[in-house]
Amino acid sequence: MPSPSDSYIHIHHKNTDLYSLQELPESHTWTNINDNTLTYNNSEKGSNVNVPVIDLNDPNASKLIGHACKTWGVFQVVNHGVPLSLLDDIELVGLTLFSLPSQQKLKAARSPDAVSGYGLARISSFFPKLMWSEGFTILGSPLQHFRQLWPHDYNKYCGIVLQYDETMKKLAGKLMWVMLDSLGITKEDLKWAGSNSQFNEASAALQLNSYPSCPDPNRAMGLAPHTDSTLFTILYQNNIEGLQVKHDGSDGGSGWVTVPPLPGSLVINVGDLLHILSNGFYPSVLHRALVNRTRPRFSVAYLYGPPAHVEICPHAKLVGPSRPALYRPVTWDEYLGIKAKHFNKALSYVQLCAPSISNVCLM
Ligand SMILES: C=C1C[C@]23C[C@@]1(O)CC[C@H]2[C@@]12CCC[C@@](C)(C(=O)O1)[C@H]2[C@@H]3C(=O)O
Ligand SMILES: O=C(O)CCC(=O)C(=O)O
Ligand SMILES: [Fe+2]
């Protein structure tokens, strides 16, 4: 996997062993978590409050995906072709990793200037309270860190990560074309997909997330609200609820909607770079993860982006007199730097014009 560099401010590892705490410490106590949750379902006033589930083999997949990206910024896919055994395998890597003793995990701690390794959510520096989770980021080969974690078994776990990465890369390339097709962009319109149009040079990172069961889940936050800086993210979640997306309902209301874990499905969420490429037609989705009292939760995010040298900008086909380019060109690397500094305001730092008042430039 090629590597976008990253300059997220490093939080010193506080080494709080979340697995052993009987009470929620003040340092992890959040307020107002359950405000603003959209709880009504299909039979009630909001008729469309379920995240779309799309069969990738459906002949209408492109249209359905386009509609989901526009109205939700997120959807789940089934019939994606990823073997369930591989999802089990990557979950096993995560569970084995996170159940190691703290001292062992800290041997593979993410160092201040690095992207890869074990640690707290890197967005922690933007919040006054800590999150009820731990993570492990893999950029490039996991070999060095896995050797530190498992001096005898590292080969087995490296093999699974490699296979997961290869499989996700293929699926991501396929999804990328379906999404582009839904925007009216063809293979001739996009040079950086490479000579065989397979996005061979695309960049990606893998993020393993662990959310231990929590003594006071209504006042704890697994992963705070954020958008991903990716083109899109492919997320596998185990069968425990926790992921929520912010959604504007058709009745004008807006709130958090749970993305229910469906066996074997994968969640695809639009990231900031697709938001830019689509000139705002496919908005990146704000999402967060909650925790619960009894069941540990686990997820793996495949964070997919363009090759390092490629500047992403609104595609010419989506720009016109009535809709000028809303964002300036930016590489993933540069955008990660902006995100590291400005977090959820990053998009507005590359914005050229206000979306609704099309001719008035802001910056
Ligand atoms: C490529 C990357 C995207 C990411 C920052 C990173 O360098 C590696 C981890 C990614 C992740 C995963 C959890 C949420 C997120 C916002 C974060 O803090 O780290 C994303 C970053 C991102 O998409 O901006
Ligand atoms: O655990 C989840 O459901 C969300 C994880 C996530 O948003 C991420 O890794 O970027
Ligand atoms: Fe995310």
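Could you list all residues from the range 302-342 that are part of a loop (DSSP other than H, G, I, E, B), of a type in the set (G, A, S) and more than 23 Å from L175 (Cβ to Cβ)?
So the first thing to find is which residues in the range 302-342 are part of a loop (DSSP other than H, G, I, E, B), and the list is 306-311, 313-315, 319, 321-322, 324-326, 328-329, 331.
Remaining after also requiring of a type in the set (G, A, S): 308, 322, 325.
Of everything in the range 302-342, those that are part of a loop (DSSP other than H, G, I, E, B), of a type in the set (G, A, S) and more than 23 Å from L175 (Cβ to Cβ) turn out to be S322, A325.
Where strands (runs of 3 or more DSSP E) sit wholly within the range 233-281, those with at least 1 residues that are within 16 Å of the chain's Cα centre (by Cα) and within 16 Å of ligand 1 (Cβ to nearest atom) occupy 243-248, 266-270.
Listed by position, the helices (runs of 4 or more DSSP H) contained in the range 39-154 that have at least 3 residues being of a type in the set (D, E) and closer than 28 Å to L262 by Cα are 84-98. Checked across the range 233-241, the condition of being in contact with a Gly (Cβ under 7 Å, 6 or more places away or on another chain) and within 16 Å of ligand 2 (Cβ to nearest atom) holds for at least one residue. For beta carbons closer than 7 Å, sequence separation of 6+ or different chains, a first residue in the range 81-92 that is within 15 Å of I234 (Cβ to Cβ) and a second that is part of a helix (DSSP H, G or I) and open to solvent by less than 70 Å² (accessible area, probe 1.4 Å), the qualifying pairs are G81/L171; V82/T167; V82/L171; L86/Y164; L86/T167; I90/I160; I90/Y164.
Within the range 210-221, the presence of a residue that is buried (at least 24 other Cβ atoms within 10 Å of the Cβ), within 12 Å of ligand 3 (Cβ to nearest atom) and touching a residue at least 12 places away in the same chain (Cβ under 8 Å) is excluded.
Taken over the range 165-191, the criterion of being farther than 24 Å from G280 by Cβ and either aromatic (F, W, Y) or in a loop (DSSP other than H, G, I, E, B) (or both) is satisfied by no residue. Evaluate the range 185-202: report whether one residue or more is surrounded by 18 or more Cβ atoms within 10 Å (Cβ to Cβ) and farther than 23 Å from L336 by Cα. Yes, the range 185-202 contains at least one residue that is surrounded by 18 or more Cβ atoms within 10 Å (Cβ to Cβ) and farther than 23 Å from L336 by Cα. Looking at S299, is it part of a strand (DSSP E or B) and either among the small types (G, A, S) or closer than 23 Å to D189 by Cα (or both)? Criteria met by S299.
If you go through the range 259-298, how many residues are under 28 Å from V350 (Cβ atoms) and polar (S, T, N, Q)?
Summing the residues that are under 28 Å from V350 (Cβ atoms) and polar (S, T, N, Q) in the range 259-298 gives 4.
Taking the criterion of being under 22 Å from the mean Cα position of the chain (by Cα) and either among the polar types (S, T, N, Q) or crowded, with 20+ Cβ neighbours inside 10 Å (or both), the residues of the range 311-334 that qualify are I312, P314, Y327, V330, T331, W332. Among the residues of this structure, S254 counts as one that is more than 11 Å from ligand 3 (Cβ to nearest atom), farther than 25 Å from S182 by Cα, open to solvent by 10 Å² or more (accessible area, probe 1.4 Å) and not basic (K, R). Are any of the residues in the range 137-144 open to solvent by less than 20 Å² (accessible area, probe 1.4 Å) and more than 17 Å from L303 (Cα to Cα)? No: zero hits.
Residues in the range 282-296 that are part of a loop (DSSP other than H, G, I, E, B) and either open to solvent by less than 10 Å² (accessible area, probe 1.4 Å) or in contact with a strand residue (DSSP E or B) (Cβ under 7 Å, 6 or more places away or on another chain) (or both): 8 in all.
Could you please let me know if S43 is out of contact with any strand residue (DSSP E or B) (no Cβ under 6 Å at 6 or more places or on another chain) and either over 22 Å from N292 (Cβ atoms) or at pLDDT 95 or above (or both)? Against the criterion (out of contact with any strand residue (DSSP E or B) (no Cβ under 6 Å at 6 or more places or on another chain) and either over 22 Å from N292 (Cβ atoms) or at pLDDT 95 or above (or both)), S43 qualifies.
Inside the range 57-114, can you point out the residues that are crowded, with 21+ Cβ neighbours inside 10 Å and hydrophobic (A, V, I, L, M, F, W, C)? I65, A68, C69, W72, V74, F75, V77, I90, V93, L97, F98, A108, listed by residue number.
For beta carbons closer than 7 Å, sequence separation of 6+ or different chains, a first residue in the range 63-77 that is within 19 Å of G255 (Cα to Cα) and at pLDDT 95 or above and a second that is assigned to a helix (DSSP H, G or I) and among the hydrophobic types (A, V, I, L, M, F, W, C), the qualifying pairs are C69/M179; F75/I65; F75/A68.
Yes/no matrix, rows are residues, columns are (1) more than 23 Å from Q104 (Cα to Cα); (2) over 15 Å from the mean Cα position of the chain (by Cα); (3) within 16 Å of ligand 2 (Cβ to nearest atom):
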site	(1), (2), (3)
S124	no, yes, yes
K129	yes, yes, no
I138	no, no, yes
H145	no, yes, no
S182	yes, yes, no
L231	yes, no, yes
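The values are calculated or read from the model by the stated rules, or taken from the named source; none is laboratory data. Worth saying up front: this structure is predicted, and the values here are computed from it rather than measured. A quick note on method: Cβ atoms are made from the backbone with ideal geometry, for glycine too, and the neighbour counts reach across all protein chains shown. Accessible surface areas use protein heavy atoms only, side chains included; no ligands, DNA or RNA. Shrake-Rupley method; radii C 1.70, N 1.55, O 1.52, S 1.80 Å.
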